[in-house]
Each structure stands twice: as structure tokens, then as C-alpha cells.
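Taking it in order: structure first as C-alpha cells, then the write-up.
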Amino acid sequence: MTQCLNPDCLHQNRPRTKFCERCGSLLLLGDRYRALEIIGQGGFGRTFKACDEYKPSQPLCVIKQFLPQGQETANEQKAAELFEQEAVRLESLGKHDQIPELFAYFSQQGQQYLVQEFIDGKNLQQELEQGAFAEDQIEQLLTDLLPVLQFCQERQVIHRDIKPENIIRRKSDLALVLVDFGAAKLATQSALTRKGTIVGSAGYIAPEQLLGKATFASDIYSLAVTCIHLMTGVDPVDLFDADRGKWVWQQYLSEKPSKQLRQLLNKMLQPSAKRRHQSAKEVLMTLNLLVLPGKITPVTPNQVPPVSTKIEVSQLASNIPLESARGIDYSRLRDLLAAGQWQEADIETGDKMLEVTGRTAQGWLGIEDIENFPWKDLRTIDRLWVKASSDRFGFSVQSRIYKQLGGTITFHSETWKAFGEMVGWRKGGQWIRWSDLTFDSTAPPAHLPLGGWVWEFGCGFVMWKKW
């Protein structure tokens, strides 16, 4: 279908139509962009899912239409400036794989339009509806998003509206994409010393930003609020004790995160901008130096300390809730891991993953199955493996080692092979069979799980990018 862009019409027309069948308005923007459906709207405009008919593949894109409704003249004028500013900021940033690309900005039939890349995926607020984020997921979020923020800051851009709704996990590769630069500000020296417009979202906005004096540290603050909101599932407004003037987010967690992560987030949340990290680069350095190294340190196979062969079932039962979005029973997996029965636990892991996705009859998982795998179940499986192995095995451990080897969201065969060598999945230059894996205390870090080999290596790669 073709959506009419006339605010007083919005008729759904037949595909390929050039003029609206109801009001006669021209349907193609710039003679190339065709609106398909409305995907969002607010007080200052509408957002349409669209396609670019100029290109043979007719790729999807997004049309943003500036349409202030019931606003005062001053507010309308400022909104128009912010609308144009989004196009200017996206253009000034240039191309980055985790920022929507600007395609066009123009006026047609008396309306302002911005056309940009369509990001197919769910935002983190939607993901939160499936369950609160675990510590590993927060660390991965910071690992993935801080370089994007650093890219912006190196180009003197302050986003000013970082929150879960503005971070989308792209479906094709599970990369986190930072969107909505409508509130972004250029951090020139004169702009930083001059009081500006107060923009941002309640609960996430830094104190100095409330005074119209946003800095790079303001985005650091908003990112930290995003993290504690995702960890607790509690609205940021309720995570701050106004009477005591302090954040109380930790009291909403049943299991405390590591001391290093708590210290990192609390520094990012300091009310005084000068007491925070001053840049994304500084936060990233702290993350890499203090938080992540304590989780996993790559070592050669002959340096691997023995993995505990047996722990009390009660230790796993008390610390790891067996949560499932599909009603799956993970008690047998818990018991096998507690007993140090690694091979049986690996098979059980595969069986449960098939059960979760309804693929038991097929006996294998595809990339789409992994992409749609419920967070709650993935987290339960990983936590059981990590806890039972004293942080040596688990999907999150595999993800960290892959990234330490230089792995990114883009698949690279040489890095993948290096990872296989590191974790013991390759020997003599060849990938080994599942039956030849090491299911005892001499196994290298991240050697398990492989889920009874129910998915191919490429699919496992997609799984780790969830962390």
C-alpha cells in the first residue's frame, strides 16, 4: 500500500499509485521516496516506514514529517529548528554503522521532510518488557554503545536524549544502533559556555542539562540511567531518592552486580558533571581496565586452572532463578552442571534450546531461531553455565573472548578461526567434531557450551552478539 502524506487525508492507496486516490496529492517525495505506513507520531510530526524507488532493490527507509499540532508559536519555531538540526547533525557525523544514515532533507507541498535509514529491530525498552537485563548484558551494552558515543563526541556532537527507546537492536546483526538525533547539539566552545534549550527525557536528563548547559558528560549520565533502568526494570524517576539526593537503584536488585560495575555506574551517575567521566573514551577505558578483565582473561590451554567438578546444587538453586519465557524447566540442566557432568549438560542445553524454539523435531536451530530466542531463557542458561564453571564457560564468556580478539558485529573469518584456536574448537588447522570436545577440567575457557552442536558456528556467532 501507499500512505498519503497529506495530514488532512492519510488515505491508504494502492501500490505504485502516483497521486492520492482521495485528495489528489503527489505521493512520491522527491520523485523517489514512497511512504508505506505510519510507524510513529507525536506533537511535532509523524514518522513513516517507506521505500526508495530510485534504487533497483527499493530498500526501506524512514520519512520524518514535521507537523506541529496545537503548539505555541515559540515552541513551533524551536521545534522546526530541532527538526532541521537533526538533519544537520546526521550529515555532520558522516557514516557510522550504528547511526542511521541521512538520505535527504527537503520541503514538498509546504511540509518539511527528513529521510533516513530504516533500522529494523526492537528498541531496548521493548526488550525490557521481556525481563530485566543481567549484569553481562549491561556490560555488553556499554561495550557496544560507548564506541558509538565516542564517535559522536570526536565530531563534537552531544546526543542529549539517550534512553532505551532511542537504542535499537538491529535484527540483521543484533548491533545496537543509536537513533533520534533531533535533540543533538554541536559542542563548540561558545555553545558549551552559552545557556541553550532544555531538551531531553524526564528521568534520564542530567542536572546541568536541565539548566540548558549540556556537555559530553551529560550523555554519560543519561547512558548510566539507561543502564540502571534496564537492570532494575524500574522507572528512573523512582530510582532516585529526591529527599536524600541520591540514586537508590541497587536496592531494587535481588542480586548485586560486581563491585567494579557498581563503581563505574555510580561515577557515571554523579550529580556534578565534573565528578563524572568526561567522555565516552574515558568510560570505555575504565570498562576495559577495571570491569571486564576480572571476568575473563585469555590464557593458553596449558595455563588453564582446573574447573570445579562439583558444587552444591543449592548454590545454583539459591543464586540462579530458573526463569523462562516459555515455561521451560531447567532443573535438570542445573543439576548436571552442579555435578560437573559437562557433556551431559551440553546435550541438555541443546535439548532445552530446541524445546524453547519449538525445533525439537528438526534437531537444529537456524539464525532466525537464535535471533528470536527469549532473553529470559538465554540469560538463565548462561548464568547456570557461568556460575557452575566459576566464570569459565557460558555464552557471555565466549562473547568476551571473541571481542578481546578483535571480533566485532561484522563476521570476519580469520578472527573467527583465531577464536576457534583459543577456545579449543580447532586443532591442526581444522574444526573438530562435537564428540572430540573436552568435557573435563582441562577444557580451555569458553570451550563450552556448544549445545550438543544444535546450531552451526555462524549461528553461535549470532547468539554471542546478544551479549
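Observations
- Just one residue in the set 158, 167 is touching a Ser or Thr at 6+ places or on another chain (Cβ under 9 Å), more than 16 Å from residue 278 (Cα to Cα) and crowded, with 23+ Cβ neighbours inside 10 Å; that residue is 167.
- Taking the criterion of being open to solvent by 80 Å² or more (accessible area, probe 1.4 Å) and farther than 24 Å from residue 147 by Cβ, the residues of region 255-273 that qualify are 255, 256, 259, 271.
- Tally, over region 365-386, of residues that are open to solvent by 10 Å² or more (accessible area, probe 1.4 Å) and under 20 Å from residue 438 (Cβ atoms): 1
- Selection from region 406-431 of residues that are open to solvent by 20 Å² or more (accessible area, probe 1.4 Å), touching a helix residue (DSSP H, G or I) at 6+ places or on another chain (Cβ under 9 Å) and in contact (Cβ under 8 Å) with a residue 60 or more places away in the chain: 409, 422
- Among (1) at pLDDT 90 or above; (2) open to solvent by less than 50 Å² (accessible area, probe 1.4 Å); (3) among the charged types (D, E, K, R) - the single one residue 89 does not satisfy: (1)
- Only one of 359, 334 that is in contact with a helix residue (DSSP H, G or I) (Cβ under 9 Å, 6 or more places away or on another chain) and either more than 24 Å from residue 135 (Cα to Cα) or open to solvent by less than 40 Å² (accessible area, probe 1.4 Å) (or both): 359
- Filtered residues of region 335-379 (kept if over 28 Å from the mean Cα position of the chain (by Cα) and in a helix (DSSP H, G or I)): 335, 336, 337, 338, 342, 343, 344, 345, 347, 348
- Region 88-132 - residue that is in contact (Cβ under 8 Å) with a residue 24 or more places away in the chain and among the aromatic types (Phe, Trp, Tyr) and, of those, farthest from residue 173 (Cα to Cα): 106
- Evaluation of residue 152 against the conditions (1) under 28 Å from residue 264 (Cβ atoms); (2) touching a strand residue (DSSP E or B) at 6+ places or on another chain (Cβ under 9 Å); (3) open to solvent by 70 Å² or more (accessible area, probe 1.4 Å) shows that the sole unmet condition is (3).
- Residue in region 234-254 that is assigned to a strand (DSSP E or B), touching a strand residue (DSSP E or B) at 6+ places or on another chain (Cβ under 8 Å) and exposed (fewer than 13 other Cβ atoms within 10 Å of the Cβ) present: yes
- Looking only at region 170-185, residues that are open to solvent by less than 30 Å² (accessible area, probe 1.4 Å), part of a loop (DSSP other than H, G, I, E, B) and either within 20 Å of residue 40 (Cα to Cα) or touching a helix residue (DSSP H, G or I) at 6+ places or on another chain (Cβ under 6 Å) (or both) come to 5 in all.
- Index of the failed condition, residue 290 passing every other in (1) at pLDDT below 95; (2) open to solvent by less than 20 Å² (accessible area, probe 1.4 Å): (2)
- If you go through region 402-432 and pick out every residue that is within 19 Å of the chain's Cα centre (by Cα) and of a type in the set (A, V, I, L, M, F, W, C), you end up with 2.
- Those residues of region 92-120 which are at pLDDT below 85 and open to solvent by less than 50 Å² (accessible area, probe 1.4 Å), in sequence order: 93, 94
- Selected residue (only one of 358, 406 is at positive phi and at pLDDT below 90): 406
The values are calculated or read from the model by the stated rules, or taken from the named source; none is laboratory data. Computed from a predicted model, the values in this text were never measured in an experiment. Reconstructed Cβ throughout: ideal geometry from the backbone, glycine too, with neighbour counts over all protein chains shown. Remember, those area values only see protein heavy atoms, side chains included, never the ligands or the DNA or RNA. Shrake-Rupley method; radii C 1.70, N 1.55, O 1.52, S 1.80 Å.
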